[in-house]
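Computed from the coordinates by the stated procedures, all read-outs in this text should not be read as laboratory data. Just so it is clear, the model here is predicted, and its values are computed rather than measured. As a convention, Cβ positions derive from the backbone with ideal geometry for all residues, glycine included, and neighbour counts pool all protein chains shown.
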Amino acid sequence: MSSESLTFHRLGCHHPSQLVLPDLRSKDCPKILDTFKNAFIAKNACDITKEDYEPLLHLADQTVPCNKTLFWSKSKELAHQFTRVQSGLFTLEDTLLGYLGDDLTWCGDARSAELNHQSCPHWHECPSNPVSVFWNVISQKFAESACGVAQVMLNGSLSEPFSKYSTFGSVEVYNLDPRKVHTVQAWVMHDVGETSSNSCSSVSINELKLIVSKRNMTFTCQNNYRPARLVQCVKHPEHSSCASNI
Ligand code: NGD
């Protein structure tokens, strides 16, 4: 499906009910789509700035209640499966803007007023492409608005569950406001079937702990956080690590 039809579909207000943070029905969907497009239409696809998305951010402003924000890194599928069952906890993609952009690619062209359906720059081709700038600005805003305890789900099956080059490690963790967020709680999840290890004591998680502590927030870490582990176990009910007492 082209990015245009998908975006139109998503902006047709046929959104899943769990998305409705504040009431989306009060939002003007065609206007949001128009503002979204104006951020990058008729512009060079390698020259997009944060300011280009300012009007969109303003229009689609949403805040998550305190203690209800879930960040993730290299654990997208599980994080989203988890918030689907654990209603009341929200990832960026459970908010309007994250939902609209998730899994999509879009760009314009300086010589045309249309969406560019031919080709859009890849992440690493030019950092100031419309998609990367979009995720950077909305991730920053999402982090800035967090309060209370901020949760982050990390992938313990990787040698570096925390990467300072990821959006979580380079944008979100630095935009948490220590005056509002007192604790960062990491859930380090391992694939079912992997030999068990405690990643909370790894060098990589320690690096995150240091960043969080230096920013005057408390850091806590849980290996295979049980509620999320139970979601993983739905697909592996017979595995020994899933068979322990409920
Ligand atoms: O080189 C890249 C790149 N490679 C993959 N992705 C990339 N984005 C770049 N800007 N540059 C895309 O980002 C790809 O679709 C991944 O699924 C997604 C997330 O990358 P990952 O798993 O490495 O995690 P991050 O820490 O970089 O970013 C996830 C956090 C999470 O808390 C969200 O609130 O940052 C927010 N987010 C950022 C970028 C993209 C979400 C998305 C998303 N939904 O695609």
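Residues that are more than 9 Å from the ligand (Cβ to nearest atom), of a type in the set (Gly, Ala, Ser), out of contact with any Pro (no Cβ under 9 Å at 6 or more places or on another chain) and outside any loop (DSSP other than H, G, I, E, B) occur at least once in segment 109-120. If you go through segment 67-108 and keep only what is among the charged types (D, E, K, R) and either in a loop (DSSP other than H, G, I, E, B) or more than 11 Å from the ligand (Cβ to nearest atom) (or both), you end up with 68, 74, 84, 102, 103. Checked against (1) in a loop (DSSP other than H, G, I, E, B); (2) in contact (Cβ under 8 Å) with a residue 40 or more places away in the chain; (3) under 21 Å from residue 91 (Cβ atoms), residue 136 passes all but condition (1). In the condition set (1) under 27 Å from residue 147 (Cβ atoms); (2) in contact (Cβ under 8 Å) with a residue 24 or more places away in the chain, residue 159 is compliant with all but (1). Taking the residues in segment 84-110 that are on the phi < 0 side of the Ramachandran plot and without any contact (Cβ under 8 Å) to a residue 40 or more places away in the chain as candidates, determine which candidate is surrounded by the fewest Cβ atoms within 10 Å (Cβ to Cβ). Only one residue tops the list, namely 102. Restricting attention to segment 162-179, the residues being in a loop (DSSP other than H, G, I, E, B) and free of Cβ contacts under 8 Å to residues at least 60 places away in the same chain number 6. No other residue among 69, 49 is among the β-branched types (Val, Ile, Thr), surrounded by fewer than 17 Cβ atoms within 10 Å (Cβ to Cβ) and touching a residue at least 24 places away in the same chain (Cβ under 8 Å) apart from 49.
Of the residues making up segment 156-194, those that are over 16 Å from residue 223 (Cβ atoms) and among the small types (Gly, Ala, Ser) are 163, 166, 169, 170. Residue 74 meets each of the listed conditions (1) free of Cβ contacts under 8 Å to residues at least 60 places away in the same chain; (2) at positive phi; (3) surrounded by 13 or more Cβ atoms within 10 Å (Cβ to Cβ) apart from (1). Report, by residue number, each residue of segment 207-243 that is over 17 Å from residue 79 (Cα atoms), in contact with a helix residue (DSSP H, G or I) (Cβ under 7 Å, 6 or more places away or on another chain) and in a strand (DSSP E or B). Answer for segment 207-243, where residues must be over 17 Å from residue 79 (Cα atoms), in contact with a helix residue (DSSP H, G or I) (Cβ under 7 Å, 6 or more places away or on another chain) and in a strand (DSSP E or B): just 219.
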